[in-house]
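Below you'll find the structure, written out as structure tokens, and then a few comments.
The values are calculated or read from the model by the stated rules, or taken from the named source; none is laboratory data. Predicted model, so just to flag it, every value in this text is computed and none were measured. Virtual Cβ from ideal backbone geometry, glycine too; neighbours counted across all protein chains shown. Remember, those area values only see protein heavy atoms, side chains included, never the ligands or the DNA or RNA. Shrake-Rupley method; radii C 1.70, N 1.55, O 1.52, S 1.80 Å.
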Amino acid sequence: SPSDNAKLAAAKRAVEFIEAGMRVGLGTGSTAFWMVKCLGERVREEGLNIVGVPTSSRTAAQAREEGIEIVTLDEARWLDLTIDGADEFDPEMNLIKGGGGAHLQEKIVATASDRMIVIADPSKAVDHLGTFPLPVEVIPFGREATRALIERSLREQDVWARDVTLRMSGDAPFVTDEGNHIFDLSLRRIGDPRELSLMLNQVPGVVENGLFIDICDCVIIGHGDGRAETRE
Ligand code: DER
């Protein structure tokens, strides 16, 4: 599909930045899926010598199938480059991530990297973050109290939330790799992403939110015709 062609174009271009000896963070989602596929081809066809640190169990499984050597973040200690998707990116290259439920590991891996490249199709470009619901990972204990605290903090910040929705998987709450739950905040437009991110992470019970501020260094936008444009 055109969207898959766009994702593949961005993924292919990003994989060209990977050099022998690198420790690479491997993102999660349908765009990152193409990146892991392209990287696997380079590893098999060129004998590219790299190690990958996955950002979710499903990326780990796909990378192993592709023949990519996987290590833990603790073994790698620090990464040269992380390549991941995004749900939205703004002109300052701040992101909303977490649509795939992996933003906790993704944020840790991306932050523990010298460089983070986001790969995206054109639909992810926005003027202001917030059209995509903001994922907030919370521990299961006292979840509904945490929800109330999040709503109170939003009110105190004059951030209007149309909805704070518990993400479901079938008729049970979605559970992350770490055994936590996710609230999706329908905010429509986030005026001050940095302030909102700081405020959300102060709420007891909140583990991490999907705002990536000053983490992404480069966005590669893929197009259906195979073109990829790089923004830094
Ligand atoms: O969950 C995530 O953070 C994903 O990277 C998401 O932001 C992008 O997923 P997509 O490439 O399937 O749109």
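Here are the numbers:
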| item | result |
| --- | --- |
| Size of the range 62-120 as Cα extents on the principal axes (Å, biggest first) | 34, 23, 17 |
| Between the range 19-48 and the range 73-111, the Cα center-to-center distance that results, in Å | 15 |
| Accessible surface of the chain [probe 1.4 Å, protein heavy atoms]: carbon and sulfur percent | 49 |
| Translational diffusion of the range 16-58, µm² s⁻¹ [Kirkwood Rh, Cα pairs; Stokes-Einstein; 20 °C; 1.002 mPa s] | 201 |
| Share of alpha-carbon pairs per 10 Å distance bin for the chain, given as whole % | 8, 33, 35, 19, 4, 0 |
| DSSP-defined antiparallel bridges as percent of all bridges, the range 1-89, nearest 5 | 0 |
| Protection-proxy order for peptides 118-131, 185-198, each taking the mean of Cβ atoms within 10 Å per residue, highest first | 118-131, 185-198 |
| For the range 159-219, radius of gyration divided by Kirkwood radius, i.e. Rg to Rh on alpha-carbons | 0.99 |
| Share, in percent, of DSSP beta bridges within the chain that are antiparallel, nearest 5 | 55 |
| Calculated [θ] (222 nm, deg cm²/dmol) that DSSP helices of n ≥ 4 give over the chain, each run adding -39,500 (n - 2.57) | -9500 deg cm²/dmol |
| More than 17 Å apart - percent of Cα-Cα pairs taken over the range 104-232 | 62 |
